[in-house]
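None of the figures in this text is laboratory data; all of them are computed from the coordinates on show. Values in this document were obtained by computation on a predicted structure and should not be read as measured data. Cβ placement follows ideal geometry from the backbone for every residue including glycine, while neighbour counts extend to all protein chains displayed.
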Amino acid sequence: MEVSPSQPTAETGGDHAASVVAGAGADRADIPSPSLPSKQRSLRAVYVLNDGLKAVAANSPESGALQCLQRACDAESAILTTLTFGRLDFGETTVLDTFYDADIAVVDMSDVFRQPSLFYHLGVRESFDMANNVILYHDTDPDTAQSLKDMVTQKNTASSGNYYFIPYVMTPNNEYMCCENDAQRRASEYMQPSWDSLLGPLCVPLVERFISLLKDIHVTSCASYKDTLLNDIRKARDKYQGEELAKELSRIKLRIDNTEVLTQDIVMNLLFSYRDIQDYDAMVKLVQTLEMLPTCDLANQPMIQFHFAFALNRYRVGRNRGPQCQSLLTYSTNTRAVLKC
């Protein structure tokens, strides 16, 4: 469930070419701010809860950081949605769709054991050109903070992503401050209850850091054809099941008459939907069609290749899977060669 600026943050789902493609959920109603032009939608932010609503309800650092983010979203008329780590890591379709489609994703990596999975999902967002990713860290260990900072710097240098690393501390008076440089962190290590006024000039309140960040992120018009297609796929997934959903997805594919709107997020939403109804033939045919498009390289994207392999594994008995399996083996060999380098 998405929440408007006037609503409290809520958890999503609990603890979470016409001829080109033809050959092959939940309905989101963005709530525009009155201050925005009619053709512009509100910015969508998503936050991943580490331990569900029980931990957030308690007086924990994650609870305070989430409250700061909610206040910043209210100030900037942004829509904040929360997801649980467990359901994101499990790979539920609606949860993945929400996370990958948000304009900005915020994850708290204070739990080091969840960092690999969170970095993986952030990387998938980046492959969808959803590049605004925020990594929070409750700054309790300088070595971990420095390691995360180095990884973010490396990602911003080596990729097209736009990663932000925001370490934060909680003062003895329960104020949340953003300490992004070494001097700020060293000052925070020696905090006493009466030192909040001294720390203020050195560190930025976390809510103000979030507001500044949200102001720098621009959203595109919600009237775009791509957004319309994505919303229609989600509506179909929410409304139909089985053969009815397969027929509705086929009708949606007939409307894709331009490869410019045939983006990875649209393809992945189609694959997710076919996967939910176990229509593995349709998954295979969709990827095969992508492979035949001369100006389209989507079929080589890792997430699409993964779901292609998943569908082939369950492809109807008796079908000739040799050529498809050979292409996957070639892709796998090339990937291992790159990793060895």
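Observations on the model:
- For residue 215 and residue 231, the difference between the fully extended length at 0.36 nm per residue and the C-alpha to C-alpha distance is 3.2 nm.
- Simple spin-label estimate for residue 254 and residue 117 gives 4.1 nm between the two label positions (7 Å along the Cα-to-Cβ direction from each Cα).
- Here the extension length gained between residue 310 and residue 90 equals 77.7 nm, from 0.36 nm per residue of separation less the Cα-Cα distance.
- Charge tally for residue 244 (other residues, Cβ to Cβ under 14 Å; Lys, Arg +1; Asp, Glu -1): 0.
- Under Karplus coefficients 6.51, -1.76 and 1.60, residue-wise ³J(HN,Hα) of the range 289-306 in Hz, glycine/proline x: 5, 4, 5, 7, 7, x, 9, 10, 10, 4, 4, 8, 5, x, 5, 6, 4, 4
- Cα gyration tensor of the range 53-131 - equivalent ellipsoid semi-axes, whole Å, descending: 20, 17, 12
- Listed residue pairs exceeding 27 Å between alpha carbons, taken from 226/247; 215/235; 235/285; 149/226: 215/235; 149/226
- FRET efficiency for the pair residue 263 and residue 140, taken as 1/(1 + (r/R0)^6) with r the Cβ-Cβ distance and R0 = 41 Å, rounds to 0.55.
- Of the peptides 70-82, 233-245, the ranking by mean beta-carbon count within 10 Å, highest at the top, reads 70-82, 233-245.
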